Amino acid sequence: MISTDEEMMFTNARIESIMYQVTFNPKTREGDIIVNLCLVDKKDLEETLEIFRQVMYSGLSVCSYVRMFDEGETFSGLEIPQGKTGIATACSITIDGVLLKHGIPVKPKFGGIVQVRDRVPLRFTDLISYDCTTIDPLEVLMSQELTSVREMMRTGSGKILANFREVPMSAKDDVDHLLNRLLTAGFYGILEVGEPNSPALGARVDRDHMGIIITGGTNPMAAVQESGIPIVTKAIKGVMEFHDMKKLV
């Protein structure tokens, strides 16, 4: 079970704490990253993994690496229940941790739903601030069944999970360089890097800042939920060594 202290911590405080635990080096592909964790029935595992593959192949996740946990194993204080399998996926806050590690003061601000039309992201339709909730915003939005990730994969139009952070505009060149290095290391899902002092997909930024929007690492879980498969998702569950994860696609 998750501790009461963790449940009552505001999401922004939890993010600020866990970002400092990221040690991932995009050049060597070594170090700790932040992961989400989901639980599915063993009987649904193969179908779940196939949906994960489809979402990751479509570029709607953070990266295509996962780690699985069998019943009885424990990760970050959570024991996998009998009859269940745990699946860890990369969390987009990992990218914030990498930026922070390289001296860029990044501030994650919102999680939300992005409307996509003909494979072009248009705007946020829903936003929840990290400093206003003790539950991860993407978990909240998933629980309201607002996504259409599978429709997005089929038709190029739909609603997907994403999150928004801002960085000083003076760091633009360094940010571009690091995002390219992360892409080479297998971390994708950058929806938009906004212009300085300009809204990004309709989300305003502070003066002398720019917005970065990244697909949610829980989009694979949302697609599984849309398929009617029971799934429990815990976003930003903990950190693990990247080398312990395996490429799914």
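Read-outs: derived from the displayed coordinates by stated rules, not from any lab. Predicted model only: the values in this text are computed from it and were never measured. Heads up, the Cβs are rebuilt from the backbone with ideal geometry, glycines too, and the neighbour counts pull from every protein chain shown.
Charge dipole of the chain (Cα centre as origin; +1 on each Lys and Arg Cβ, -1 on each Asp and Glu Cβ, all else neutral): 640 debye, rounded to the nearest 20.
With Cα atoms defining each centre, the range 58-96 and the range 174-249 are spaced 15 Å apart in the structure. With the chain treated as a Gaussian network of Cα nodes joined by springs under 10 Å, which of TYR57, TYR65, TYR130 yields the largest mean-square fluctuation? For the chain, modelled as a Gaussian network with Cα springs under 10 Å, the answer is TYR57.
Potential lengthening of the chain between LYS101 and ASN25 amounts to 26.4 nm, from the contour at 0.36 nm per residue minus the alpha-carbon distance. Quick check: net charge around VAL249, other residues with Cβ under 12 Å of its Cβ, Lys/Arg +1 and Asp/Glu -1? Computed value for this residue: +2.
Taking a ≥ b ≥ c as the square roots of the eigenvalues of the Cα gyration tensor, the range 93-215 is prolate, since a/c reaches 1.5 or more and a/b is larger than b/c. Beyond 19 Å in Cα-Cα separation lie the following of the pairs LYS109/LYS247; LYS84/LYS234; LYS101/LYS172; LYS43/LYS84: LYS109/LYS247. Paramagnetic label reach from GLU16 (point 7 Å along Cα→Cβ; backbone nitrogen cut-off under 15 Å): within the range 112-146, residues 130-134.
Under a Gaussian network description of the chain, with springs only between Cα atoms under 10 Å, the residue in LEU191, LEU78, LEU127 that fluctuates furthest is LEU78. Specify which residue in the list THR125, ILE212, GLY97 is farthest towards the positive end of the charge dipole of the range 93-215, using unit charges on the beta carbon of Lys, Arg (+1) and Asp, Glu (-1), about the Cα centre. Among THR125, ILE212, GLY97, the one farthest towards the positive end of the dipole of the range 93-215 is THR125. Positive end of the dipole of the chain (Cβ unit charges, origin at the Cα centre): among SER148, GLN21, LEU179, the Cα lying farthest that way belongs to LEU179. Using Cβ point charges alone (K and R +1, D and E -1), the dipole size of the range 136-243 about the Cα centre works out to roughly 260 debye.
For the residues SER129, SER61, SER227, a GNM of the chain with alpha-carbon springs under 10 Å puts the largest fluctuation on SER227. Remark: the range 139-144, residue by residue, has Karplus-estimated 3J(HN,Hα) of 5, 4, 5, 4, 5, 8 Hz, where x stands for each Gly or Pro and the curve is 6.51 cos²θ - 1.76 cosθ + 1.60 at θ = phi - 60°.
Pull out a ≥ b ≥ c, the square roots of the eigenvalues of the alpha-carbon gyration tensor of the range 1-160, then state rounded if a/c is under 1.5, prolate if not and a/b is larger than b/c, and oblate in the remaining case. Rounded, since a/c falls under 1.5.
Taking the helices alone, the chain has a mean residue ellipticity at 222 nm of -8000 deg cm²/dmol, built from -39,500 (n - 2.57) per DSSP H run of at least 4 residues and averaged over all its residues.
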